[in-house]
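As C-alpha coordinates, the structure follows; a few thoughts come after it.
The values are calculated or read from the model by the stated rules, or taken from the named source; none is laboratory data. Remember, predicted model here, so these are calculated numbers, not experimental data. The accessibility values were calculated without ligands, DNA or RNA, using every heavy atom of the protein model including side chains. Shrake-Rupley method; radii C 1.70, N 1.55, O 1.52, S 1.80 Å.
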Amino acid sequence: QVQLVESGGGLVQAGGSLRLSCAASGRTFSSYAMGWFRQAPGKERKFVAAISWSGGSTYYADSVKGRFTISRDNAKNTMYLQMNSLKPEDTAVYYCAADEDDIGRRWYEYDYWGQGTQVTVSS
(Lines give C-alpha, C1' and ligand atoms only; values in the text may rest on other atoms or scores of the structure.)
Protein backbone atom coordinates (compact mmCIF):
# COMPACT_ATOMS: atom_id res chain seq x y z
CA GLN A 1 0.00 0.00 0.00
CA VAL A 2 1.11 3.58 -0.63
CA GLN A 3 -0.01 6.85 0.95
CA LEU A 4 -0.14 9.98 -1.19
CA VAL A 5 -0.14 13.65 -0.16
CA GLU A 6 -0.53 16.50 -2.64
CA SER A 7 0.77 20.02 -2.13
CA GLY A 8 1.45 23.17 -4.10
CA GLY A 9 -2.05 24.27 -4.97
CA GLY A 10 -3.24 27.84 -4.59
CA LEU A 11 -4.67 30.91 -6.24
CA VAL A 12 -2.98 32.22 -9.37
CA GLN A 13 -3.88 34.64 -12.14
CA ALA A 14 -4.52 33.46 -15.66
CA GLY A 15 -1.25 32.99 -17.49
CA GLY A 16 0.60 32.13 -14.30
CA SER A 17 2.27 28.94 -13.16
CA LEU A 18 2.10 26.47 -10.29
CA ARG A 19 3.95 23.29 -9.47
CA LEU A 20 2.09 20.53 -7.70
CA SER A 21 3.88 17.83 -5.74
CA CYS A 22 2.71 14.39 -4.70
CA ALA A 23 4.72 12.81 -1.89
CA ALA A 24 4.44 9.06 -1.47
CA SER A 25 5.13 6.84 1.52
CA GLY A 26 4.69 3.17 2.17
CA ARG A 27 5.49 0.65 -0.51
CA THR A 28 8.20 1.31 -3.07
CA PHE A 29 7.19 4.38 -5.01
CA SER A 30 9.10 3.34 -8.10
CA SER A 31 6.91 0.28 -8.54
CA TYR A 32 3.84 2.40 -9.36
CA ALA A 33 2.69 4.20 -12.45
CA MET A 34 1.35 7.59 -11.34
CA GLY A 35 -1.25 10.02 -12.54
CA TRP A 36 -2.85 13.39 -11.97
CA PHE A 37 -6.60 13.91 -12.20
CA ARG A 38 -8.77 16.94 -11.52
CA GLN A 39 -12.34 17.57 -10.53
CA ALA A 40 -14.22 20.85 -10.82
CA PRO A 41 -17.35 21.49 -8.73
CA GLY A 42 -20.31 19.54 -10.05
CA LYS A 43 -18.23 17.76 -12.68
CA GLU A 44 -16.70 14.33 -13.01
CA ARG A 45 -13.08 13.58 -12.22
CA LYS A 46 -10.97 13.93 -15.35
CA PHE A 47 -7.59 12.68 -16.42
CA VAL A 48 -4.79 15.26 -16.61
CA ALA A 49 -1.50 13.40 -17.02
CA ALA A 50 0.20 10.10 -16.24
CA ILE A 51 3.75 8.79 -16.01
CA SER A 52 5.19 5.30 -16.05
CA TRP A 53 7.15 3.89 -13.11
CA SER A 54 10.45 4.76 -14.77
CA GLY A 55 9.35 8.13 -16.08
CA GLY A 56 10.03 6.95 -19.61
CA SER A 57 6.43 7.24 -20.78
CA THR A 58 4.01 10.09 -20.25
CA TYR A 59 0.43 10.79 -21.32
CA TYR A 60 -1.45 14.09 -21.30
CA ALA A 61 -5.02 15.18 -21.77
CA ASP A 62 -5.41 17.27 -24.92
CA SER A 63 -6.57 20.21 -22.81
CA VAL A 64 -3.22 20.50 -21.02
CA LYS A 65 -0.77 19.27 -23.65
CA GLY A 66 2.00 21.78 -24.18
CA ARG A 67 1.20 23.63 -20.94
CA PHE A 68 1.60 20.97 -18.23
CA THR A 69 4.57 18.68 -17.59
CA ILE A 70 4.47 15.57 -15.41
CA SER A 71 7.65 14.23 -13.88
CA ARG A 72 8.83 12.07 -10.99
CA ASP A 73 11.87 11.64 -8.78
CA ASN A 74 11.92 8.08 -7.53
CA ALA A 75 14.82 8.84 -5.20
CA LYS A 76 12.61 11.41 -3.43
CA ASN A 77 9.38 9.38 -3.69
CA THR A 78 7.74 12.38 -5.30
CA MET A 79 5.81 13.18 -8.46
CA TYR A 80 5.33 16.65 -9.88
CA LEU A 81 3.00 18.53 -12.18
CA GLN A 82 4.40 21.75 -13.59
CA MET A 83 1.50 23.86 -14.80
CA ASN A 84 2.20 26.85 -17.04
CA SER A 85 -0.05 29.25 -18.93
CA LEU A 86 -2.87 28.48 -16.54
CA LYS A 87 -6.45 29.23 -17.59
CA PRO A 88 -9.60 29.75 -15.51
CA GLU A 89 -10.88 26.42 -16.82
CA ASP A 90 -7.97 24.70 -15.08
CA THR A 91 -9.63 25.53 -11.75
CA ALA A 92 -10.29 22.28 -9.89
CA VAL A 93 -9.18 20.03 -7.09
CA TYR A 94 -6.15 18.14 -8.32
CA TYR A 95 -5.56 14.57 -7.18
CA CYS A 96 -2.56 12.34 -7.54
CA ALA A 97 -3.04 8.60 -7.87
CA ALA A 98 -0.95 5.43 -7.99
CA ASP A 99 -1.52 2.46 -10.25
CA GLU A 100 -0.08 -0.95 -9.39
CA ASP A 101 -0.30 -1.98 -13.02
CA ASP A 102 0.61 -0.05 -16.15
CA ILE A 103 0.27 3.63 -16.94
CA GLY A 104 -3.34 4.58 -17.71
CA ARG A 105 -5.80 7.38 -18.39
CA ARG A 106 -8.92 6.11 -16.61
CA TRP A 107 -9.54 6.94 -12.96
CA TYR A 108 -10.81 3.46 -12.16
CA GLU A 109 -7.47 1.95 -13.15
CA TYR A 110 -5.80 3.63 -10.18
CA ASP A 111 -5.54 1.95 -6.82
CA TYR A 112 -4.53 4.70 -4.38
CA TRP A 113 -5.48 8.36 -4.15
CA GLY A 114 -4.41 11.46 -2.30
CA GLN A 115 -6.79 13.93 -0.66
CA GLY A 116 -6.40 16.57 -3.35
CA THR A 117 -5.14 20.14 -3.55
CA GLN A 118 -7.18 23.10 -4.75
CA VAL A 119 -6.01 25.08 -7.77
CA THR A 120 -7.88 28.28 -8.54
CA VAL A 121 -7.09 30.37 -11.60
CA SER A 122 -8.57 33.86 -11.69
CA SER A 123 -9.30 35.69 -14.93
Query raised in the report: Stretch Ser30-Asp73 to full length: gain in nm at 0.36 nm per residue minus the Cα-Cα span?
Result: 14.6 nm
Query raised in the report: When the gyration tensor of the chain is built from Cα positions, what are the square roots of 5 times its three eigenvalues, in whole Å, from largest to smallest?
Result: 23, 14, 13
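Expected output is a single nm value to one decimal: the length gained when fully extending between Glu89 and Asp101, i.e. 0.36 nm times separation in residues minus the C-alpha distance. What is it? Walk me through the numbers before you get to the answer.
Working: separation 12, 0.36 × 12 = 4.32 nm, distance 3.05 nm.
Extra length available between Glu89 and Asp101 comes to 1.3 nm.
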Report task. Give a residue-ordered list of calculated ³J(HN,Hα) values for segment 85-92 (Karplus: 6.51 cos²θ - 1.76 cosθ + 1.60, θ = phi - 60°; whole Hz; x for Gly, Pro). Result -> 6, 5, 10, x, 6, 7, 4, 4
**Report entry** Karplus 3J(HN,Hα) series, Hz, for segment 94-104 with 6.51 cos²θ - 1.76 cosθ + 1.60 (x for Gly, Pro)
**Finding:** 9, 10, 9, 8, 10, 10, 6, 9, 8, 4, x
Report summary line: Amide H proximity to Tyr112 below 5 Å, modelled H, separation 5+ or other chain, gives Ala98
Requested in this report: Could you tell me what percent of the accessible area of the chain is made up of carbon and sulfur, with a 1.4 Å probe and every protein chain present?
Outcome: 45
Report task. Quick one: what are the phi-derived ³J(HN,Hα) couplings along segment 59-72, Karplus 6.51/-1.76/1.60 with θ = phi - 60°, whole Hz, x for glycine and proline? Result -> 10, 9, 5, 4, 5, 10, 4, x, 10, 10, 9, 9, 8, 8
Report task. Straight distance only, please: which lysines reach the Cα of Lys46 with their own Cα at less than 25 Å, same-chain residues fewer than 8 apart left out? Result -> Lys65, Lys87
